[in-house]
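The values are calculated or read from the model by the stated rules, or taken from the named source; none is laboratory data. Computed from a predicted model, the values in this text were never measured in an experiment. Backbone-built Cβ (ideal geometry, glycine too); neighbour counts: all protein chains shown. Only protein heavy atoms, including side chains, enter the accessible area calculation; ligands, DNA and RNA are left aside. Shrake-Rupley method; radii C 1.70, N 1.55, O 1.52, S 1.80 Å.
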Amino acid sequence: MYRVVVVEDSELLRRGLVTTTDWLSLGCEVTGQAADGVSGATLILEKQPDIVITDIRMPGLNGLEMMQRVEGRCSSKFIIITAYNEFDYARQALQMGAVDYLSKPIEEGALEKAVGKCVSLLNDAKEYRKFRDNLEHGTDSRIMLFREYLSGSGSVQNDHVEHIVSYITNHYGENIGLKEICDALKLSESHSNRLMKEATGYTVSDYLQNYRIKKACDLLSVRSAKIYEVADEVGIHDQRYFSVVFKKLV
């Protein structure tokens, strides 16, 4: 369950947000409420919530000032509530990293949609942390045993394999598989698979899959990128399938 804090000076609106929203179905629970920006900032630093829903106009500190006060001291996702004539504030909030904003009066379903965006981002971050943990502790994983093929022997059979490996190395980020590789190189699929298996221990498809995940590990270990971006960069355009393959090999 993701923890939510609501900061809103209007008791009526605050109570409505807390009591009329089906937080359970969103995978969330409200763990704190505040009626002004000063107490809101204190509450955020104390509770370290995953999501903060806050009004812009509040006594003490406004929503933007409150965000600035806790910046760098929490990792909360912010949703801003604004009046119809406060779009400039909403734009500033988005520039400061707020996930979404809600205009008063809040339309039916708008809060749930905004919270859903936050939950999606939080889920991505959680999955990314799991992947990083697997990278750091997966010394006995299958991908750690994978070695890129290098020969240089000059034989006809090894030349055949090297052409396939070279093609994979240069095109792994594209939408390719066994058929596309063999068509591009004008090679037989069955013959290619047999030679690859003899030379590397992998079929063409298995070698491509391992190569892609190895490259994904390299990307995940050197920069903070969204998982779907890494998956797309290594040629696996379905994030769910990428996760399945990653967990299988790593």
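Brief remarks on what is shown
- Sites matching trypsin sites (Lys or Arg not before Pro) across region 187-250 that sit in DSSP coil, with at most 14 neighbouring C-beta atoms within 10 Å: Arg223, Lys226
- Principal axis dimensions, largest first and in whole angstrom, of region 17-59 by Cα: 31, 21, 13
- Taking 1.306 mPa s as the viscosity and 10 °C as the temperature, the Stokes-Einstein diffusion coefficient of region 56-109 based on its alpha-carbon Kirkwood radius rounds to 138 µm²/s.
- Debye intensity ratio I(q)/I(0), log10, region 61-179, q values 0.12, 0.14, 0.17, 0.21 Å⁻¹ (C-alpha model): -0.71, -0.79, -0.95, -1.19
- Share, in percent, of DSSP beta bridges within the chain that are antiparallel, nearest 5: 0 percent
- The residues of region 1-159 expose, per residue, 56 Å² of accessible area to a 1.4 Å probe.
- In a simple Cβ point-charge model (Lys, Arg +1; Asp, Glu -1; nothing else charged), the chain has a dipole of about 560 debye relative to its Cα centre.
- Within the accessible area of the chain, the carbon and sulfur atoms contribute 48%, probe 1.4 Å, all protein chains present.
- Its Cα centre serving as origin, region 1-49 has a Cβ charge dipole (Lys and Arg +1, Asp and Glu -1) of approximately 120 debye.
- Long-range Cα-Cα pairs in the chain (distance over 27 Å), rounded percent: 52 percent
- Inter-label distance, nm, simple model (7 Å from Cα along the C-beta direction), Val38/Ser190: 8.2 nm
- Sparse packing (at most 16 other Cβ atoms within 10 Å of the Cβ) combined with a DSSP loop state is found for the following GluC sites (Glu not before Pro) in region 171-250: Glu174.
- As an equivalent ellipsoid, region 157-246 spans semi-axes of 25, 12, 11 angstrom, where each value is the square root of five times an eigenvalue of the C-alpha gyration tensor, largest first.
- Cα gyration tensor shape of region 1-83, rounded if a/c is under 1.5, else prolate or oblate by comparing a/b with b/c: oblate
- Using a Förster distance of 30 Å, the FRET efficiency for Gln157-Lys130 (Cβ separation, nearest 0.05): 0.15
- Estimated at 0.36 nm per residue, the fully extended path between Leu94 and Val18 surpasses their Cα-Cα distance by 25.0 nm.
- Potential lengthening between Asp183 and Thr169 on full extension [0.36 nm per residue; Cα-Cα distance subtracted]: 3.4 nm
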